[in-house]
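The values are calculated or read from the model by the stated rules, or taken from the named source; none is laboratory data. If you're wondering where the values come from, they're calculated on a predicted model, not measured in any experiment. Ideal geometry is used to build each Cβ from the backbone, glycine not excepted, and the neighbour counts take in all protein chains shown.
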Amino acid sequence: MGENPAPPLLFAPSESAALAAGIAVRAGLSLAPLEERAFEDGEFKLRPACSVRGRRVFVAQTLASGGGADSARRLVRLLFLLHVLRDGGAHGLTAVIPYLAYARKERRTQPRDPVTTRYVAQQLEAAGMTHAMLLDAHDPASVDNALRVPLDHLSALPSFAAQIAARAGTAQVAVASPDVGGIKRAQRLRELLQGRLGRPVRLIFIEKRRALGVVSGGTVIGDPRDCTVVIVDDLCATGGTLVRAAAALAAGGAAAVLAAVTHAPLAAGLERLRGCADIQHLLVTDSVGTALRVESDAGVTVLPVATVLGEAVGRIARREPLAPLLDQAP
């Protein structure tokens, strides 16, 4: 019998080190040593401080601005790290990206529009990425089409469902999408909640139109009366869409409104939700790492993404199927 293969290695730039440490614990791995140097003119050097030849390698990096590095710099640092690991002889490179920046511009809506999601995918592949692991990308189908390497798309929805079911008690529950584009996400959360609660859950969506940067609409499609309504979205940037949706649901007779958001890259957006009288509780993950400036309290529950990402990395390291995790993705 041959020798057991060496275990995979997990690297992370310093700005994602805390996130990667949580992933490593859950996966049963240790963070691999990485030499980092910053130069006076803003340039930098990243160098793996151990051999990667023939090893399977994971690189964890969230692309939300924060911790002294904006999204563009974080992306460049990820690209350079992938390049040097490939040059060092890594056998396979998995990029673990909880928050994928530039994913909102996935199609052309006017002449000469960029398709930035595709550009980012091409750069990651050119740097040597052979496998991607994402969490609740803005439009999973567009990322599937942009990437030509295997992709595991994980979701925070099962964690949200567990928290919501624990809070719901015997109340009638509804799931709301703040716009038409998020209906599939809301449908999946509804299915998960119905399985946990053992009773029907209503589905609602709110009309929303955007033209020349101006948002209008607000008609509620569905019946929120006397329900605990959960607004679910992948992203809270400024918080405007969720606040508008919460106001419409409260006016429609909802008994209580909760918001469940995977990514919150801007502190101002979160603070706007926390200050909204129509939202009684907020669920959010720490997918943006150091960009998140809020901790769990009476009005907010912060869920660690290291749980699901670490479980996925650990399963791959042990050569186990990801089906139990992927079956829960939207």
Does Ala237 meet the test of being among the small types (Gly, Ala, Ser) and more than 22 Å from Val302 (Cα to Cα)? no
From the option list Ala256, Ala291, single residue qualifying as under 16 Å from the mean Cα position of the chain (by Cα) and of a type in the set (A, V, I, L, M, F, W, C) is Ala291
Segments classed as strands (runs of 3 or more DSSP E), wholly inside region 1-114, with at least 2 members that are more than 23 Å from the chain's Cα centre (by Cα) and in contact (Cβ under 8 Å) with a residue 24 or more places away in the chain: 44-48
How many residues are surrounded by 19 or more Cβ atoms within 10 Å (Cβ to Cβ) and in contact with a strand residue (DSSP E or B) (Cβ under 8 Å, 6 or more places away or on another chain) when one looks only at region 49-71? 11
Selection count, region 1-28, where residues are modelled with pLDDT under 95 and under 15 Å from Ile316 (Cβ atoms): 3
Only residues in region 278-294 that are among the polar types (S, T, N, Q) count as the first member; pair them with residues that are in a loop (DSSP other than H, G, I, E, B) and surrounded by fewer than 23 Cβ atoms within 10 Å (Cβ to Cβ), Cβ under 9 angstrom, at least 6 apart or cross-chain, and list the lot. Gln280/Gly299; Thr285/Leu292; Thr285/Pro304; Ser287/Pro265; Thr290/Gly67; Thr290/Gly68
Considering residues that are in contact (Cβ under 8 Å) with a residue 12 or more places away in the chain and either of a type in the set (A, V, I, L, M) or assigned to a loop (DSSP other than H, G, I, E, B) (or both), the number found within region 295-317 is 13
Is it the case that region 119-132 has a residue that's assigned to a helix (DSSP H, G or I) and under 18 Å from Ala323 (Cα atoms)? no
Tell me, yes or no, whether region 83-95 has at least one residue that is in contact with a Gly (Cβ under 8 Å, 6 or more places away or on another chain) and at pLDDT below 95. yes
